[in-house]
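Below is one structure, written out as structure tokens, with a few remarks after it.
The values are calculated or read from the model by the stated rules, or taken from the named source; none is laboratory data. Computed from a prediction, not measured in an experiment: that's the story for all the values here. Cβ coordinates were reconstructed from backbone atoms using ideal geometry, including for glycine residues, and neighbour counts include every protein chain displayed.
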Amino acid sequence: MMVNPINNKKIPFKTVLMSSWYGTEILMALIDDDRKIYYCPLKSNPAG
């Protein structure tokens, strides 16, 4: 989902807004590595 706009379509953007459903460590690292700002509510961790 993130790779297509970044690499193929060349759509310029600075910020990503996403649901907590998509808020995985891997996706946030990908966005962070691309030097974008992201907003995402955090999931609660019942084990923590």
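Summary table
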item	result
Qualifying residues in segment 18-33 (those that are part of a helix (DSSP H, G or I) and small (G, A, S)) - the one modelled with the highest pLDDT	A29
Pairs with Cβ under 8 Å, 6+ apart, first in segment 34-48 and in a loop (DSSP other than H, G, I, E, B), second surrounded by 10 or more Cβ atoms within 10 Å (Cβ to Cβ) and at pLDDT below 75	D34/M2; D34/I6
